[in-house]
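Peer 1: Submitted below is the structure of interest, expressed as structure tokens.
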Amino acid sequence: MSEASVVHIDEIEGLHGGVFKPVGKTLGVTAFGVNVEQYPQGHDQYPDHDHASDGQEEVYYVISGHATLTIDGTEHKLHTGSVAYVPAGVSRRFTTPDGEVQFMAIGGTPNTPFSDVIAARQKAATS
């Protein structure tokens, strides 16, 4: 059993140029992943991905700003307070044509303990 913890988002070191903050890993969460991501206006480098290989479903909550979330080719305009769900096997990609955005991504694989998908990908890329 992990210990309870509290941290301010500004205390979490940002990865990938500071845009990706591993909230869940920092807090010691093991049942699901939680990350905060922040991108400037005009960002279009967020990878199109579908989690078909790991079965992960994700929920996104827009903390501030605007973004376009493309789900299986359909664009959805998101703004502060928007919530989106994308199941495994469905492609998703964020862009920020209308302004900067900060959102929380919460993900996990049904009926499976959470594994750090980002760490697994990085390990595979270096192996």
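Peer 1: Divide the volume of the convex hull of the Cα atoms of the stretch 1-57 by its number of residues and quote the answer in cubic angstrom per residue. Intermediate values should be presented prior to the final figure.
Peer 2: Values: hull volume 6.1 nm³, N = 57.
Per-residue hull volume (Cα only) is 107 Å³.
Peer 1: Still on this structure, I have one more. What is the diffusion coefficient of the chain in µm²/s, taking the Kirkwood radius over Cα pairs and the Stokes-Einstein relation at 4 °C with a viscosity of 1.567 mPa s?
Peer 2: 85
Peer 1: Determine the share of the stretch 1-84's accessible area contributed by carbon and sulfur atoms, expressed in whole percent, with a 1.4 angstrom probe.
Peer 2: About 53 percent, which is the carbon plus sulfur part of the accessible surface.
Peer 1: Ok, one more. May I ask you to give the solvent-accessible area per residue for the chain, in square angstrom, as obtained with a 1.4 angstrom probe? Could you put the intermediate results ahead of the total?
Peer 2: Values: 7630 Å² over 127 residues.
For the chain, the solvent-accessible area averages 60 Å² per residue.
The values are calculated or read from the model by the stated rules, or taken from the named source; none is laboratory data. If you're wondering where the values come from, they're calculated on a predicted model, not measured in any experiment. Just so you know, the surface numbers come from the protein's heavy atoms only, side chains and all, with ligands and any DNA or RNA stripped out. Shrake-Rupley method; radii C 1.70, N 1.55, O 1.52, S 1.80 Å.
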